[in-house]
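Here the structure comes first, spelled out in C-alpha cells, and everything after it is commentary.
Only the coordinates and a few stated rules stand behind these numbers; no lab work does. It should be emphasised that the depicted structure is a prediction, and the values quoted were computed from it without experimental measurement. Cβ placement follows ideal geometry from the backbone for every residue including glycine, while neighbour counts extend to all protein chains displayed.
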Amino acid sequence: MTNKTLFEPYKLGSLTLSNRIVMAPLTRNRAGAGFIPGELAAEYYRQRASAGLLISEATQISQQGQGYQDTPGIYSQAQIDGWRKVTAAVHAKGGRIFLQLWHVGRVSHVDLQENGAAPVAPSAIRAETKTFVNDGFFDVSEPRALALDELPGIVNDFRQAAANAIAAGFDGVEIHGANGYLLDQFARDSANRRTDAYGGSVENRARLMLEVAAAVVEKIGAERTGIRISPVSPANGVSSSDAQAQFDYIVDQLNSLGIVYIHVVEGATGGSRDVAPFDFGSLRRRFKNTYIANNGYDLDLATSRLAEDKADLFAFGRPFIANPDLVERLEAGAPLAQVNPATIYGGGAVGYTDYPAIAASRS
Ligand SMILES: Cc1cc2nc3c(=O)[nH]c(=O)nc-3n(C[C@H](O)[C@H](O)[C@H](O)COP(=O)(O)O)c2cc1C
C-alpha cells in the first residue's frame, strides 16, 4: 500500500502535473473546414485544463490516416495554427496537453480518402465495424494491403506530425497504438496476415509500432513521447491469439526506447474490464516510466489501484464529456453530470462547451 493521492502533483518527465488525473483522448468530430480545430475546441480544452494532463482527441497525421468526418489533422500549416490556439488556452490555465497521433488504417471510408481511394491496412481484410461519415454510421470500406515500400512513408508521416505537434505548442505526443487502428492492426493477428518482415511473428507484428515510436523519439525526444495500447480490446474488430506475448514484447521494447509513458486501455475500450484474461501487472512491471491506466475508472477504483501501486496516473474518458471540472468534482465528492448521447459526435457548442462547472451549475 502507498500513501499517494490522486490530487497531488506528479512528475512526468520534465513536466510537473498538478494531479494524477488525465483526460483521455475523445473524438468529437467538430473540426472546421480543412480539418482545423477552431476557437470552440480551444474553449472546450480550456474548460478541462484542471486535469493533470490532457490528451487531445485523436488527430490524423495525413489525409490517408483519417477515418471519420470532421476529425482534426496535424499535417497542414493551418492545422498547426489552429492547434496553437488550443495549447495556448490550456497553458494559460496551467494545464498540460499531449496530442494523440492517429492513423486509422482500414477503419475508414472511400469518401474520406484522396480521390476516393481504398483505405490502407496490413492485409486486405475488411474490419467488422462502422465509421461516422456523411452524418451517419456506415460500414467501413474494403481496404487494400500496404506495400512494403509504403511503410517508411507512414513512419515519416508520424515523425513529421510529431514535429508539427511540438510546433503547435503541445507538451508532447501520444502515439495511437490502440483500438484497432493502423498500428494495432499490425500488432493483432486477426488483421495482419502479412508474410514479410511486418507479419507473422510477435517481433514482426510489433515492428511498425516500434519503428514509429523510435522515429518520434528521435524527432522530439523520449520525454515528450507516450503511446496508447489496448492489448485485449476488440475495438474496431481486432483480436489476437497471443496478446500477452505480443504486448509484453512491445512494452519491453518501448521501455528500452525510454518513452515517458504507456497508456493502457485495460479490457474492452468503453466496455468490460474483464473481456479476456490478461496480466496488466506484467506491463506495469516491465515498464520503468509512467503507467497511465484507463477504462471504466471512477474515484473508488482509481483510489484503490493507486494505493496498490498498479498505476501512476488514471485517465478518464466519458466522465470528462459532461464534467469539465471533473478533478474538482472528484476531490469534493460531488455528483457527476450525465452525458447526452445525442450530442457526442459532431455539431457545435451544444453538448460540447455548454456543460457547466459545478459552481456555475449551482448558481
Ligand atoms: C466519444 C468518445 C470518443 C473517443 N475517442 C477516442 C480517441 O480519439 N482516441 C482514443 O484513443 N480513444 C478514444 N475513446 C476511448 C476513450 O479514450 C476511453 O478509452 C474509453 O472511453 C474508456 O474510458 P472511460 O471508461 O473513462 O470512458 C473515445 C471514447 C468515447 C466515448
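Using alpha carbons only, how many angstrom separate the centre of the range 158-206 from the centre of the range 97-126?
Rounded to whole Å, the Cα centres lie 12 Å apart.
Determine the gain in length on full extension of the stretch SER272-ALA147; use 0.36 nm per residue of separation and subtract their C-alpha separation, reporting nm with one decimal.
Working: separation 125, 0.36 × 125 = 45.00 nm, distance 3.58 nm.
Roughly 41.4 nm would be gained on extension.
How much length would be gained if the chain were fully extended between ALA167 and LYS11, taking 0.36 nm per residue of separation minus their Cα-Cα distance, in nm to one decimal?
Result for the pair: 53.9 nm of gain on full extension.
Would you give the gap between the C-alpha center of the range 72-89 and the C-alpha center of the range 245-304, rounded to a whole Å?
Centre-to-centre (Cα) distance: 29 Å.
Quick one: grab Rg to one decimal and Dmax as a whole number for the chain, Cα atoms only, in Å.
For the chain, the Cα radius of gyration and maximum Cα-Cα distance read 19.0, 63 Å.
If you count the DSSP beta bridges with both ends in the range 10-331, what percent of them are antiparallel, to the nearest 5?
Here the antiparallel bridges make up roughly 20 percent for the range 10-331.
For LYS130, give me every one of the lysines with a C-alpha distance below 26 angstrom, ignoring sequence neighbours fewer than eight places off in its own chain.
The qualifying lysines are none; the list is empty.
Under 20 Å Cα to Cα from LYS85, which lysines show up? Leave out anything in the same chain fewer than 8 places away.
By straight Cα distance, LYS85 reaches LYS93.
Taking Cα centroids, how far is the range 315-361 from the range 213-228 in Å?
One Cα centre to the other: 31 Å.
Would you kindly state how much longer the chain becomes between ASP242 and GLN160 on full extension, computed as 0.36 nm times their sequence separation minus their alpha carbon distance, in nm to one decimal? Please list the in-between numbers first.
On the way: separation 82, 0.36 × 82 = 29.52 nm, distance 3.21 nm.
Between ASP242 and GLN160, full extension yields an extra 26.3 nm.
At most 13 other Cβ atoms within 10 Å and a DSSP loop assignment: could you name the GluC sites (Glu not before Pro) in the range 294-363 that fit?
In loop regions of the range 294-363 (DSSP not H, G, I, E or B), the sparsely surrounded GluC sites (Glu not before Pro) are GLU308.
Between GLU328 and SER76, what is the label-to-label distance in nm when each label sits 7 Å out along the Cα-to-Cβ direction?
It is 3.7 nm.
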